[in-house]
Amino acid sequence: MRLCLALSLLLCASTPAAAGACLGVNSQTGQSQSVLEVYRTGTSHPRRFFAEATHDRATGRPQIVYYSRYGTAPAYFKSFVRQHECCHHSGHRDEIEANCCALRRMGLSASGLAALRTYIVARDVNSQTIVDYQGQGSLFWSKTASRCLGSAQR
Ligand SMILES: [Zn+2]
């Protein structure tokens, strides 16, 4: 019994670190606080976003809202989306910079990076433009890779 309790405490204590702290600034108070994660995965974002970093209108609390494309994405891509949005909340406004920040936080292996690239290219993921066109995923990845990764990782 005591061992079980100790184990569950250890699991609880390690969960936030494993998931990665996600902090942002309250738009009303200016204070740093944990980001609230809101799942609207039954709703399609009008601009096909997986998620977006916003603030609660009533309280100013930083939040990430997840939409339907997020709901059907594989776990490794969900992690990338979460880190990307957390990076927006930590001050990275530029989309490629938010990708670099997310990749630094994730510390992916070569195969993890390859899976991410494949998904972004195949699904034409691009958070830089509202215009939807074929091939935008590979352009988005090449910009990300050239700015965020060393030549050996690209
Ligand atoms: Zn973004």
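Residue check: is residue 92 within 11 Å of the ligand (Cβ to nearest atom), out of contact with any Leu (no Cβ under 8 Å at 6 or more places or on another chain) and closer than 13 Å to residue 125 by Cβ? Quick ask: steps written out before the conclusion?
Details: within 11 Å of the ligand (Cβ to nearest atom): yes; out of contact with any Leu (no Cβ under 8 Å at 6 or more places or on another chain): yes; closer than 13 Å to residue 125 by Cβ: no.
The answer is no for residue 92.
Residue check: residue 63 meets all listed conditions (1) within 24 Å of residue 42 (Cβ to Cβ); (2) more than 16 Å from the ligand (Cβ to nearest atom); (3) not in a helix (DSSP H, G or I) but one, namely (2). For residue 69, state whether it is more than 30 Å from residue 30 (Cα to Cα), within 14 Å of the ligand (Cβ to nearest atom) and crowded, with 16+ Cβ neighbours inside 10 Å. Yes, satisfied. Can you find a residue in segment 128-136 that is at negative phi, aromatic (Phe, Trp, Tyr) and loosely packed, with under 15 Cβ neighbours inside 10 Å? Checked segment 128-136: at least one residue is at negative phi, aromatic (Phe, Trp, Tyr) and loosely packed, with under 15 Cβ neighbours inside 10 Å.
Go through (1) within 15 Å of the ligand (Cβ to nearest atom); (2) under 13 Å from the mean Cα position of the chain (by Cα); (3) farther than 23 Å from residue 141 by Cβ; (4) not polar (S, T, N, Q) and name the single condition residue 51 misses. Residue 51 satisfies all of (1) within 15 Å of the ligand (Cβ to nearest atom); (2) under 13 Å from the mean Cα position of the chain (by Cα); (3) farther than 23 Å from residue 141 by Cβ; (4) not polar (S, T, N, Q) except (3).
Taking the criterion of being within 15 Å of the ligand (Cβ to nearest atom), among the hydroxyl-bearing types (Ser, Thr, Tyr) and in a loop (DSSP other than H, G, I, E, B), the residues of segment 98-154 that qualify are 127, 129.
Within segment 17-37, being under 13 Å from the mean Cα position of the chain (by Cα) and within 16 Å of the ligand (Cβ to nearest atom) holds for 22, 35, 37. Residue 73 meets all of the listed conditions (1) under 10 Å from the mean Cα position of the chain (by Cα); (2) in a loop (DSSP other than H, G, I, E, B) but one, namely (1).
We did not get these values from a lab; they are worked out from the coordinates using the rules stated. A quick note: this is a predicted structure, and the numbers were derived from the prediction, not measured. Note: ideal-geometry Cβ built from the backbone for every residue, glycine included; neighbour counts use all protein chains shown.
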